[in-house]
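What follows is a short report on a single structure.
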Amino acid sequence: MKSRENLIPIYYRLADDIKQQIESGELKHGDLIPTEAQLGEKYGISRMTVRQGIGLLTEAGLIETVKGKGSFVTRPQLNQLVIDLKRTGAGNVVLKYKLLEVKLVRDKPDFISELGFAGNSKVIGVKRLVYKDDRPAAIEEKYLLYQKGSPLLETQLEYADFPELVAKHQDSVPVRNDMVISVDALSPEQAKLLETEQDMPALVIKQVIFSNEDKPLGISLMVCHKDRFTIQATSYPLSRRL
């Protein structure tokens, strides 16, 4: 039986070894990594395979290649942040959910039509209320293209987060999640649900998940109480995408 290590492509192991040297400080910003010939000899692989590993490191932003000079370790990029949506808004508190509405959307809001959910497309709308410390903290609306023969269970609608719900309900593979964060005033209906004043500023988080054909599979709009919901993000400059 093959071990898990033997199932990992050798070019990935090469890239991971160099990444670990960068993370440990053995290789520093500006250092030249070994040549293709040196890496090929060390790992017993062809130059073509070495280039695949170098390509992974380049895509991850860990190195850059200068023609005629070689590949150099780059400076860590701290401006790329990762938002963990399962933790955002909660901190160490367990969030609770209340399913408010599930319906086929006939009169589509403008932001849905703009993304291609127009014409005869059947769209399912799901609305739930998010509670933190037993107080309403956010209103989340999700819009999914209707998939015949793919029923949505009430437990999924109430408890599954948006990316998970899209992945389970769509035939296409979700490959990208675009997010826009803005501020808007609460409408009378939103203020009533959040038990606060109308026109209060609120944090609005919009997500759109796309397929590998660049078609929208789902849209989420979360309106958050300004005092009960926070955005948390972390930068992993040496660990992303590899």
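Filter the range 51-73 down to the residues that are free of Cβ contacts under 8 Å to residues at least 24 places away in the same chain and of a type in the set (S, T, N, Q) and list them by number. Across the range 51-73, the qualifying residues are T58, T65.
Would you be able to say whether some residue in the range 205-214 is surrounded by 12 or more Cβ atoms within 10 Å (Cβ to Cβ) and over 24 Å from K98 (Cα atoms)? Checked against the condition, which is being surrounded by 12 or more Cβ atoms within 10 Å (Cβ to Cβ) and over 24 Å from K98 (Cα atoms), the range 205-214 yields at least one hit.
Among the residues making up the range 105-132, a single one is at pLDDT below 80 and touching a Gly at 6+ places or on another chain (Cβ under 8 Å): V105.
Among residues of the range 204-219 that are without any contact (Cβ under 8 Å) to a residue 40 or more places away in the chain and in the same structural domain as L144 (by TED's automatic domain parsing), those with a beta-carbon under 6 Å from a residue that is acidic (D, E) and part of a strand (DSSP E or B) at least six positions away or on a different chain give the pairs V204/D184.
Anything in the range 19-61 that is in contact with a strand residue (DSSP E or B) (Cβ under 7 Å, 6 or more places away or on another chain) and either of a type outside the set (G, A, S) or within 15 Å of P9 (Cα to Cα) (or both)? List them, or say none. Scanning the range 19-61 gives I22, L27, K28, H29, D31, L32, I33, T35, I54, L57, T58.
For every residue, the table says whether it meets (1) under 19 Å from L129 (Cβ atoms); (2) modelled with pLDDT under 90; (3) surrounded by fewer than 19 Cβ atoms within 10 Å (Cβ to Cβ); (4) of a type outside the set (F, W, Y).
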| site | (1), (2), (3), (4) |
| --- | --- |
| E158 | yes, yes, yes, yes |
| H169 | no, yes, no, yes |
| V175 | no, yes, yes, yes |
| S187 | yes, no, yes, yes |
| E197 | yes, no, yes, yes |
| L217 | no, yes, no, yes |
| M222 | yes, no, no, yes |
| T234 | no, yes, yes, yes |
| P237 | no, yes, yes, yes |
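In the range 1-38, the residue that is surrounded by the fewest Cβ atoms within 10 Å (Cβ to Cβ) out of those that are of a type in the set (A, V, I, L, M, F, W, C) and modelled with pLDDT under 90 is M1. Applying the selection to the range 39-50, what residues are surrounded by fewer than 16 Cβ atoms within 10 Å (Cβ to Cβ) and either in a helix (DSSP H, G or I) or in contact (Cβ under 8 Å) with a residue 24 or more places away in the chain (or both)? Within the range 39-50, E41, K42, R47, M48 meet the criteria.
The values are calculated or read from the model by the stated rules, or taken from the named source; none is laboratory data. What you see is a predicted model; the values in this text were computed from it and never measured. All Cβ positions, even for glycine, are placed from backbone atoms using ideal geometry, and neighbour counts span all protein chains on display.
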